[in-house]
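**Student:** One structure is given below, represented as structure tokens, and several questions about it will come after.
The values are calculated or read from the model by the stated rules, or taken from the named source; none is laboratory data. Worth saying up front: this structure is predicted, and the values here are computed from it rather than measured. Note: ideal-geometry Cβ built from the backbone for every residue, glycine included; neighbour counts use all protein chains shown.
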Amino acid sequence: MTEQRPHEKYDALIFACHALAPVRTAVAHPCDETSLRGAVEAAEAKLIKPILVGPQARIRKLAASLNVDITGLPLVDTPYSHASAAKAVEIVRTGDADALMKGSLHTDELMAEVVNKDTGIRTERRISHVFIMDVPTYPKPLFITDAAVNIFPTLEDKVDIVQNAIDLAHALRIEQPKVAILSAIETISSKIPSTIDAAALCKMADRGQITGALLEGPLALDNAINRNAADIKHINSPVAGDADILLVPDLEAGNMLAKELSFLANADAAGIVLGARVPIILTSRADNVRTRMASCAVAALYAHACRVAAAGIAKLAE
């Protein structure tokens, strides 16, 4: 077997963007080094075309202090972080940006504007978060959802959460992603509600209520990502041991899983929010350059896929 270079999966995502035009991205309140430098570096890599939204004087002063060149980048002046979030969402809503990126403001502050009933950019789909993990010991990108937005999702919520992740996988050129619906065990028990949700989701996929992927569950984590563990339990499924997407029971489980992989398995965790009109890039101060670039690359690929799909629908309607 050919030895994989650590984090080559993220390199492949970034490389896939080279043939695409940079995506217009409204960056909400890039007023610290991580968010401003991240936006500029993503622009230099031709992943995004950032529109900087925030206090103009503060951003220019920060750029000068960091020796970061923002010459030529659009800069929309706003007085404070809440206004920056509102304006960035407005730029998306009016069609002047195809992606949204979080700067140095609280996630809740940005997402409150995203879901605003009157001025936000919600769709009928439930909003959810996907981690795209680059785990050195796993042969392909590993999607974990939802570990950041939906705390205790209902069965109906999970339908949207898994469909969002499937659509993202398609945008990343995974034609038929394999979805493992996680629980503590691989059998159905009324004592563990997540196993019942897993069974229901699989049947919903059989009936066409979830499309575009192979679903299997409930599966314990070992059975989802390790073929030997699945064989020992006599689990005969193309998903077992080869999952692309891990659908977790709740936010607590997902958050712990993602952080365990990051801190114990040297994984990187790019992140994106789906279910709104455009992809939303949630950067963290703890993100390294590679992770920030990967998050932007994922958003760019997804935005382009949405644009192609919309063009196809418009052509059919003619």
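**Student:** Being at positive phi and part of a loop (DSSP other than H, G, I, E, B): is that true of residue 120 here?
**Tutor:** Details: at positive phi: no; part of a loop (DSSP other than H, G, I, E, B): yes.
The answer is no for residue 120.
**Student:** Of the residues 19, 12, 85, only one is outside any helix (DSSP H, G or I) and closer than 28 Å to residue 275 by Cβ; which? Show your work before the answer.
**Tutor:** Details: 12 fails: outside any helix (DSSP H, G or I); 85 fails: outside any helix (DSSP H, G or I).
Going through 19, 12, 85 in turn, just one is outside any helix (DSSP H, G or I) and closer than 28 Å to residue 275 by Cβ: 19.
**Student:** Turning to a different aspect of this structure: Cβ-Cβ below 8 Å, separation at least six or inter-chain, first residue in the range 236-259 and touching a residue at least 24 places away in the same chain (Cβ under 8 Å), second among the polar types (S, T, N, Q) and in a strand (DSSP E or B): which pairs?
**Tutor:** 245/145; 246/145; 247/145; 248/145; 254/145
**Student:** So, one more: Does residue 134 satisfy the criteria of being in contact (Cβ under 8 Å) with a residue 12 or more places away in the chain, assigned by TED's automatic domain parsing to the domain that holds residue 225, surrounded by fewer than 21 Cβ atoms within 10 Å (Cβ to Cβ) and acidic (Asp, Glu)? Please lay out each step first, then the result.
**Tutor:** Numbers: in contact (Cβ under 8 Å) with a residue 12 or more places away in the chain: yes; assigned by TED's automatic domain parsing to the domain that holds residue 225: yes; surrounded by fewer than 21 Cβ atoms within 10 Å (Cβ to Cβ): no; acidic (Asp, Glu): yes.
Spelling it out, it is not the case that residue 134 is in contact (Cβ under 8 Å) with a residue 12 or more places away in the chain, assigned by TED's automatic domain parsing to the domain that holds residue 225, surrounded by fewer than 21 Cβ atoms within 10 Å (Cβ to Cβ) and acidic (Asp, Glu).
**Student:** While we're looking at this one, here's another question. Quick test of your reading of the structure: residue 208 fulfils all but one of (1) surrounded by fewer than 23 Cβ atoms within 10 Å (Cβ to Cβ); (2) at negative phi; (3) not assigned by TED's automatic domain parsing to the domain that holds residue 291. Name the failing condition by number.
**Tutor:** (2)
**Student:** Taking only the range 225-241 into account, find how many residues are surrounded by 17 or more Cβ atoms within 10 Å (Cβ to Cβ) and either in contact with a helix residue (DSSP H, G or I) (Cβ under 8 Å, 6 or more places away or on another chain) or more than 15 Å from residue 182 (Cα to Cα) (or both).
**Tutor:** 7
**Student:** So residue 147 passes all but one of these: (1) without any contact (Cβ under 8 Å) to a residue 40 or more places away in the chain; (2) outside the structural domain of residue 34 (by TED's automatic domain parsing). Which condition number does it fail?
**Tutor:** With (1) without any contact (Cβ under 8 Å) to a residue 40 or more places away in the chain; (2) outside the structural domain of residue 34 (by TED's automatic domain parsing) applied to residue 147, the lone miss is (1).
**Student:** Next question. Which ones in the range 98-121 are over 18 Å from residue 274 (Cβ atoms) and crowded, with 24+ Cβ neighbours inside 10 Å?
**Tutor:** Once the filter is applied, which keeps residues that are over 18 Å from residue 274 (Cβ atoms) and crowded, with 24+ Cβ neighbours inside 10 Å, the range 98-121 yields only 103.
**Student:** What's the total number of residues in the range 26-72 that are among the aliphatic types (A, V, I, L, M) and more than 20 Å from residue 304 (Cβ to Cβ)? Lay out the reasoning, then the answer.
**Tutor:** Let us first name the residues in the range 26-72 that are among the aliphatic types (A, V, I, L, M), namely 26-28, 36, 39-40, 42-43, 45, 47-48, 51-53, 57, 59, 62-64, 66, 68, 70.
With the extra rule that they be more than 20 Å from residue 304 (Cβ to Cβ), the set shrinks to 28, 36, 40, 52-53, 57, 59, 62-64, 66, 68, 70.
Of the residues in that region, 13 qualify.
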